[in-house]
1. What ranking do A:242, A:24 get, fewest neighbouring Cβ atoms within 10 angstrom at the top?
2. Please order A:92, A:193 by the number of other Cβ within 10 Å, starting at the fewest.
3. Rounded, prolate or oblate, given the Cα gyration tensor of chain B, with a/c below 1.5 counting as rounded?
4. Over all residues in B:137-143, what is the mean tally of Cβ atoms on other chains that come within 10 Å of each residue's Cβ?
5. So for each of A:107-113, A:233-239 I average, over its residues, the number of other beta carbons within 10 Å; can you give me the resulting order with the highest mean first?
6. If I fit a long axis through the Cα atoms of helix B:102-116 and take the longest principal axis of the Cα atoms of chain B, what angle between them do I get, 0 to 90°, rounded to 10?
7. Across the residues of A:179-191, average count of Cβ atoms on other protein chains within 10 Å?
8. Just want to confirm a number: the relative contact order over segment A:1-131, from Cα pairs under 8 angstrom separated by 6+ residues, in percent.
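Read-outs: derived from the displayed coordinates by stated rules, not from any lab. None of the values given here were measured: they were computed from a predicted structure. Cβ atoms come from the backbone with ideal geometry, glycine included; neighbour counts cover every protein chain shown.
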């Protein structure tokens, strides 16, 4: 074929990818190739190799349609994936022997969810010999008692029949794929960002700490499972429609930083522009204004220099620090015009 | 080269700086000594003791070439060739395809999981395929107002439990009084874009809007996790001697 990938080769590759995906339990997968979707297959393969942290630039860089044209690139891809299959098997064997696999998959599929629901309804943990069906009955009763107090309601109420359900499941798959691609992008961007910190000489002494923080977080983010499935669709409540500020403090509880003190401390005293807290301009009579001007004029004459009258901002600042006239409202505009006329007359 | 391969060869670190040949030397020497054994016993010690950087770098390049790394390839790729050989050797030692094929691993995993299933949790005794379970699932959905038409009772039970966990907590109910809800701004779901061609079926179109919102909310959670990572690193690395003085903010002149 024109892009150098034959269907036979693509099918062979996808078997490797399927086994690697199963053993590593990763979410990116390479779709089954056919005559019409080879380009999509290549994009999937590219994403998959990125997830595997493939270091070979012949396989990860360049035009995706010509990347696997040469026989050496095909051979390299095949040997890389074959080695990755063996790596995956060894790691799975390690996890079985060390018991790590047990700590992750101790319960039946729905047990954590039902436990979580019972805890939400303040139902205490039951002994091992409790009857499981009585627990479900209790769950129903407590739910019935609680649901009338809630202001929320489910959003999706349509009937799922044999026409709509397959379409919805296709959508779920599409949104899940989109989510995992974005997740991979965000994780990659995080890695690049943090590793660029290490170019700084001062930070190199923190490198091991930084790397351990980064690897733990990248693993945690990589294990996020998409919520785009039918169960989450059915359970979507009206709270999904709430609009919240991105900067609201309850959302930034753990993203405050010493680098951004305004997110931590109270706002500073005066950032300018809060008119309700400012002390207003003095209520001067015309005579007082004239007196002030005359005094300034006299001083100027003595010094043989011109001292301009105070600007509006200077006057406001002076009065802002004054203890007199507290609580008066600011009405500087009218007085400004008055001062202007006075000044003009003075020059005459 | 990936962290997974470093784990497979039982290296004591999960990260290698490819710009630091000293780290690369340490990795290669460790893998050679523990698994590959292509050189005599003194080679590893000599490599680590050698003071002349040029000498052990040349030896390193020679080692890479022997495992198939083409000249001029990146350090990461060269290391991958060596690690592949090490993985191959370990794989054969542990029984090869006979002992380590996927189906056998699956059987072993299932056996281990079955033996360790938490017998102290009565919920682990539920039979998801029984009529009793299906009845309970549909009843829960009916109480909550969730559409109960999905043929799989596991999906219905999952939906009900997710709804309960998210919406029926004491604090959630106490916080959201009618007065609070009046002040809350809400999105117009009917005008929300779905980012794909609009389906003709109304229910499918509505479900696409909801799925888009669910996806976006989860992406915000991921973004927050990323921000937490950066903040944690910043708190570790920032220079406190340059802390800003916020006691007085100047205004005007």
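1. Numbers: A:242 14, A:24 17.
Going from sparsest to densest Cβ surroundings: A:242, A:24.
2. On the way: A:92 21, A:193 14.
With the fewest neighbours first, A:92, A:193 line up as A:193, A:92.
3. Working: a/c = 2.70, a/b = 1.52, b/c = 1.78.
Oblate is the answer for chain B, as a/c is 1.5 or above yet b/c matches or exceeds a/b.
4. On the way: counts 2, 0, 6, 6, 3, 2, 9.
The shielding value for this peptide is 4.
5. On the way: A:107-113: 17.0, A:233-239: 23.6.
In decreasing order of mean packing, A:107-113, A:233-239 become A:233-239, A:107-113.
6. With rounding to tens, the tilt is 60 degrees.
7. On the way: counts 7, 0, 0, 5, 3, 0, 0, 5, 3, 0, 1, 6, 0.
Per-residue shielding by partner chains comes out at 2.
8. Values: 80 pairs, mean separation 30.4, N = 131.
So the answer I get is 23 percent.
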